[in-house]
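Worksheet: the structure to be examined is printed underneath.
None of the figures in this text is laboratory data; all of them are computed from the coordinates on show. Keep in mind the model is a prediction, meaning the values are calculated, not measured. Backbone-built Cβ (ideal geometry, glycine too); neighbour counts: all protein chains shown.
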Amino acid sequence: MKFKQLSPDLAVSQQIQLEDISVLAQDGFRSIICNRPDGEGPDQPAFSEVEQEAARFGIEARCLPAAPDNVTDTHAAAFKLLMAELPKPVLGYCRTGRRSTSMWALSRAGEEAPSKLLEAASQAGYDLGALAPRLEEKSDRR
């Protein structure tokens with residue numbers, strides 16, 4: 001399993017499997033945020049299974065699902081709250097990591113320059129160019 005670092009407190013990845021959770025614990029992750037709805041694909045365990053396995057390793061797990069290409073400002077606000085309350089470091093995951101990256105960027109908009117957020121996403125392999133107008137709008141509201 002590969003994860004990509006977005007910030008000191010957050011990395012993202014594609015869909016994790018139950019056997020990945022012990023590795024995440026060894027890598028020092030203390031929390032997991034699932035951004036994928038249950039049943040989206042045949043390759044994914046149910047979130048309840050992820051949550052149960054994470055608990056075995058002392059990792060907190062939360063689910064904040066979003067449909068592909070449908071990350072809303074409500075998702076971003078909820079992601080920001082989760083990042084504030086969960087023990088760090090956190091791993092966010094979805095099918096490819098893009099939804100998790102989008103939620104992170106939108107949750108940081110207004111606090112960090114849009115160019116910095118887009119660059120961090122790009123360095124992790126995610127093109128969030130389509131989100132640039134939303135990031136700029138949130139930045140302008142500061």
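Summary table below
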| read-out | value |
| --- | --- |
| Which listed residue is crowded, with 21+ Cβ neighbours inside 10 Å and under 13 Å from the mean Cα position of the chain (by Cα), from L24, L82, L91, L86 | L91 |
| Some residue of segment 9-20 being of a type outside the set (F, W, Y) and in a helix (DSSP H, G or I) | yes |
| From G28, G39, residue being in contact (Cβ under 8 Å) with a residue 60 or more places away in the chain and over 22 Å from L117 (Cβ atoms) | G28 |
| Of all residues in segment 94-122 being in contact (Cβ under 8 Å) with a residue 60 or more places away in the chain and surrounded by fewer than 23 Cβ atoms within 10 Å (Cβ to Cβ), the one that is farthest from P45 (Cα to Cα) | A120 |
| When residues of segment 54-73 are limited to those that are of a type in the set (D, E) and within 30 Å of P133 (Cβ to Cβ), the one surrounded by the most Cβ atoms within 10 Å (Cβ to Cβ) | D73 |
| Residues that are assigned to a strand (DSSP E or B) and of a type outside the set (F, W, Y), drawn from segment 51-98 | E60, A61, R62, C63, V90, L91, G92 |
